[in-house]
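Novice: The structure under discussion is supplied below as structure tokens; questions concerning it will follow.
Read-outs throughout are calculated quantities, based only on the coordinates presented, and are distinct from any laboratory measurement. Keep in mind that this is a model prediction, so the values were computed, not measured. Glycine gets a Cβ as well: all are built from the backbone with ideal geometry, and neighbour counts include every protein chain shown.
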Amino acid sequence: MKKSLLLIGAIAFIGLTSCGGEDATNDESTAVATEVVEITGSESKTLANLSINGMVCEMNCVSSVKTTLADLDGVNDLEIDFDPARETDVAVVNFDPSKVSEQDMVKAIQALYDGQYEVTNVKIEKYVVGEETSEAEEDSEATTTTETGVNTEVNYEFPNIVEFFTQFF
């Protein structure tokens, strides 16, 4: 009976820490590059493409990031392109820049799970209402500016699961 309780506890612990990744401590400050592109189109909207490192599972990691972003006032819609084989995944967020900024989104993501997720790049696409143009004209009319923003410091360390289990056996 005692061994089955221990086994259940061990399985629960693994489930709770499975999105933990590797042991790591990152003391360096990182700057997130922000690129802004204006595109003439038929509807006005602003999209943020957020490159995110640290997501290792769809069930908890992607769900947590999605819920956190969706809870921000001004986020209209979002999709996350997740592939467990990739190091960097992408969140595409349709948002109202008068209510929420890309810095707000980056801070919200990087605050999850004591900094487990890192936003490495942000690309903002601003679609402005105008005449329909061909794709070639759109490319020539697009304006791009690059800013450096959101300095973050990430400190996290995950427990060594092997050390945890060796104390029981």
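Novice: Go ahead and run the numbers for FRET between THR67 and VAL128, Cβ-Cβ distance against an R0 of 22 Å, rounding to 0.05. Please list the in-between numbers first.
Specialist: Values: r = 30 Å, r/R0 = 1.37.
Efficiency computed from Cβ-Cβ geometry: 0.15.
Novice: Pull up all non-local amide H partners of VAL90: gap of 5 or more, or a different chain, and H-to-H distance under 5 Å with H placed in the peptide plane.
Specialist: HN-HN under 5 Å from VAL90: ILE52, ASP81.
Novice: Now a separate question. If packing is taken as the average number of other Cβ atoms within 10 Å across a peptide's residues, how do 79-86, 51-58 rank, most packed first?
Specialist: Descending packing order for the listed peptides: 51-58, 79-86.
Novice: Give me, ordered by chain and number, the residues 5 or more places off ILE39 or on other chains with an amide H under 5 Å from its own placed amide H.
Specialist: Close amide H contacts, sequence-distant or interchain: LYS126, TYR127, VAL128.
Novice: A further question follows. Any idea how far apart GLU35 and ASN94 come out in nm if each label point goes 7 Å out from Cα toward Cβ?
Specialist: 2.3 nm
Novice: Taking the Cβ of ILE80 as the center, what net charge do the other residues with Cβ under 10 Å away carry, scoring Lys and Arg +1 and Asp and Glu -1?
Specialist: Residues near ILE80 contribute -3 overall.
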